[in-house]
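A short write-up of the structure that comes next.
The values are calculated or read from the model by the stated rules, or taken from the named source; none is laboratory data. The model shown is predicted, which means the values in this text are computed figures rather than measured ones. Cβ coordinates were reconstructed from backbone atoms using ideal geometry, including for glycine residues, and neighbour counts include every protein chain displayed.
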Amino acid sequence: MKFTKLYNSLLLSVLLLFCVSKHLNAQQTASFPEYNYNPFIINPAYAGLLPTTEMTLANTGFSAFDGSPKNISFSFHTPIADRKMGIGAGIIRDEIGVTTSTSAFVAYSYKIRFDFQDDRPYWQNYEPGTLSFGLTAGLQQYQDNLLELNIMDDIQFSENINITIPTIGLGFLFNHSRFYAGISAPNVMGTSLASEDAVNLEFPVYGYFGYRFFNNRFENFMIKPSLFLKHEKGAPLLADMNVSVSYQNKFELGAGYRSSSAFNVLAGLYIAKSLRCIYHYSIISGTSPLGNQHGLILSFRFKEGYKTK
């Protein structure tokens, strides 16, 4: 057991040597497995899409291996102005090895609604047709505790890095009772407004699409395939493909595959009318030393909640 832990630690140290430097060009952001259950965390255009306020707490990275990636986020959003607009805010904290990134943001969205008529289950609570535009403004605190690596003969690892980066993001979303599609960029300014020039971080562009299959003969069930893409300079394109089956917003099961050689499974339970709990588990199939990961997503929706209609 001690040998295994030492072996994993050495592998992680090698990984960090390739991923961390003062002029970093690598993947810096989490994969957000909760994108299907809290799209607002990656796309401000989702703010206020629901009829009422929603709060979500998500934690990913329960792993036995020290230094493995961890992500925790909290967010809320709500409609305003007769649901023509939405506002929200969130905070995200990512950790991997000696690197920590903490982001806080506020968001605004404006919506154009379409009077589509379409069959849908009586318990589905999504808007039938909405085109939404979103903006975010925030701050990111980036820290590299390089001295913890004890690398004495490389000047690039001779001091820690602590940088504040103002962020401005954009997002677009089209939502229909049958499908949805969105694209967003959390920081279109990059590091041009950063407090120092010590690092050159790359920021991602997210794209996602989902479809809702249902049939009047089986109106209590809905099948929901989805695709999540993340493009980030210096890192391979990440694709996350999932499918889930939902029963009347009471429980659901799902599975999927991530292009980083991980299989995903999830189980969700809607408690009472306002609380939703989603558990997900990623099974690493490649040679990564970081191991399998657990995650938990808790969402609370006010007023009518998630109850069926």
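A few comments on the model shown:
- Of all residues making up the range 248-275, the number that are of a type outside the set (A, V, I, L, M, F, W, C), over 19 Å from the mean Cα position of the chain (by Cα) and surrounded by fewer than 15 Cβ atoms within 10 Å (Cβ to Cβ): 1
- Single match in Thr130, Thr136 (criterion: at pLDDT 90 or above, over 30 Å from Phe251 (Cβ atoms) and not acidic (Asp, Glu)): Thr136
- Condition met for Arg276 (touching a residue at least 24 places away in the same chain (Cβ under 8 Å), of a type in the set (D, E, K, R) and farther than 30 Å from Asp144 by Cβ): yes
- Pair list, Cβ under 9 Å, 6 or more apart: the range 58-78 residue outside any strand (DSSP E or B), other residue surrounded by fewer than 17 Cβ atoms within 10 Å (Cβ to Cβ) and at pLDDT 80 or above: Ser63/His294
- Where Gln248 falls short, out of the listed (1) under 20 Å from Lys224 (Cα atoms); (2) at pLDDT 95 or above: (2)
- Of all residues in the range 81-116, those satisfying the criterion of being assigned to a loop (DSSP other than H, G, I, E, B) and closer than 25 Å to Pro51 by Cβ are Ala81, Asp82, Arg83, Lys84, Phe114, Asp115, Phe116.
- Subset of the range 194-240 [aromatic (Phe, Trp, Tyr), over 23 Å from the mean Cα position of the chain (by Cα) and either crowded, with 18+ Cβ neighbours inside 10 Å or within 22 Å of Gly171 (Cα to Cα) (or both)]: Phe214
- Restricting attention to the range 164-186, the residues that are within 18 Å of the chain's Cα centre (by Cα) and within 30 Å of Phe114 (Cβ to Cβ) total 13.
- Residues that are among the charged types (D, E, K, R), free of Cβ contacts under 8 Å to residues at least 60 places away in the same chain and within 24 Å of Gly190 (Cβ to Cβ), drawn from the range 227-254: none
- Of Ile87, Ile92, Ile72, Ile96, all but one fail to be surrounded by 17 or more Cβ atoms within 10 Å (Cβ to Cβ), modelled with pLDDT under 90 and more than 25 Å from Gln248 (Cα to Cα); the exception is Ile96.
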